[in-house]
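Student: Please see the structure below; I have some questions.
The values are calculated or read from the model by the stated rules, or taken from the named source; none is laboratory data. These numbers were taken from a predicted model, which means no experiment stands behind them. No Cβ is skipped: glycine too gets one built from the backbone with ideal geometry, and neighbour counts run over all protein chains shown. Just the protein is used for accessible areas: all its heavy atoms, side chains included, with ligands, DNA and RNA removed. Shrake-Rupley method; radii C 1.70, N 1.55, O 1.52, S 1.80 Å.
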Amino acid sequence: MSGLGDKFLTDLAWSVRGAREDLAEFRKWQPAWFPSMSRRCLANLIHDRIWARLVAAVDGTPGIETIDREPVREIWISQKYQVRFKRHHPEDKISTYPTAAALEFWAQGSQLPSLEAITLGAGYRWIAQERRVGPAVISYRDGKDNPLWAVELDEPGESADTIGWRPITRPDLPTVDLFDVTRINERDEEGSLS
């Protein structure tokens with residue numbers, strides 16, 4: 001989180017909050033449209049509002065590069081973090097069409113040595129039952145369907161220079177101790193433990 005920087009995290013949280021407000025305005029403007037909107041149409045509208053707000057907020061920020069060449073929309077931070085924007089469902093599931101490029105993006109460690117990038121999903125928690133934008137979220141994944149961790153960002157105060165966040169805990173995830181496995185591999189490679 002420190003590598004992303006407080007400015008980016010604050011801008012993301014503000015952008016999600018702004019998109020939530022934009023969606024509320026849209027509901028007031030055309031209430032009859034909202035119930036019949038498809039999930040995809042609604043997701044695209046929210047994504048576009050977050051993206052437009054975030055691009056404007058980070059414009060000119062040193063170390064942040066915006067790439068907007070459809071179908072790819074992503075932000076690079078410090079030439080190390082590659083961030084794409086996604087709606088996060090329960091258990092931090094995301095949706096993406098499984099193209100080779102998308103699957104490669106979400107698979108950590110597929111880059112060339114010395115050119116590694118950390119790929120992250122950023123966006124918002126989707127409250128499906130209410131069709132509502134929840135808090136801003138950042139997730140780190142090893143594959144599209146395998147979130148390793150996720151954090152929710154706090155709503156920033158009006159004059160906040162830093163932003164709080166909290167990890168999402170999942171009590172159903174097992175704890176795996178690989179100590180013995182690594183010791184076996186050392187034995188296999190060296191013939192004995194040193």
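Student: Suppose the filter is open to solvent by 10 Å² or more (accessible area, probe 1.4 Å) and either in contact with a strand residue (DSSP E or B) (Cβ under 7 Å, 6 or more places away or on another chain) or modelled with pLDDT of 95 or more (or both); does Glu91 pass it?
Tutor: It is false that Glu91 is open to solvent by 10 Å² or more (accessible area, probe 1.4 Å) and either in contact with a strand residue (DSSP E or B) (Cβ under 7 Å, 6 or more places away or on another chain) or modelled with pLDDT of 95 or more (or both).
Student: From the residues in segment 1-21 that are open to solvent by 30 Å² or more (accessible area, probe 1.4 Å) and under 19 Å from Arg125 (Cα atoms), which one is nearest to the chain's Cα centre (by Cα)?
Tutor: The qualifying residue nearest to the chain's Cα centre (by Cα) is Met1.
Student: Just a yes or no: is a residue in segment 58-78 in a helix (DSSP H, G or I) and of a type in the set (A, V, I, L, M)?
Tutor: yes
Student: Another question about this same structure. What number goes with the only condition from (1) under 13 Å from the mean Cα position of the chain (by Cα); (2) closer than 15 Å to Ala19 by Cβ; (3) part of a strand (DSSP E or B); (4) not hydroxyl-bearing (Ser, Thr, Tyr) that Ile50 does not pass?
Tutor: Tallying (1) under 13 Å from the mean Cα position of the chain (by Cα); (2) closer than 15 Å to Ala19 by Cβ; (3) part of a strand (DSSP E or B); (4) not hydroxyl-bearing (Ser, Thr, Tyr), Ile50 fails exactly one: (3).
Student: Among the listed residues Val16, Val58, which satisfies the condition of being at pLDDT 95 or above and under 17 Å from Glu130 (Cα atoms)?
Tutor: Result of the check over Val16, Val58: Val16.
Student: From the list Asp92, Asp59, pick out the single residue that is charged (D, E, K, R) and under 18 Å from the mean Cα position of the chain (by Cα).
Tutor: The unique qualifying residue is Asp92.
Student: Sticking with this one: Taking only pairs six or more apart or across chains, which ones have beta-carbon atoms under 6 Å, a first residue in segment 83-101 that is among the basic types (Lys, Arg), and a second residue that is surrounded by 12 or more Cβ atoms within 10 Å (Cβ to Cβ) and part of a helix (DSSP H, G or I)?
Tutor: Matching pairs, first to second residue: Arg87/Ala43.
Student: Being open to solvent by less than 40 Å² (accessible area, probe 1.4 Å) and in contact with a Gly (Cβ under 8 Å, 6 or more places away or on another chain) is the filter here; which residues of segment 32-80 pass it?
Tutor: Of everything in segment 32-80, those that are open to solvent by less than 40 Å² (accessible area, probe 1.4 Å) and in contact with a Gly (Cβ under 8 Å, 6 or more places away or on another chain) turn out to be Ile50, Ile77.
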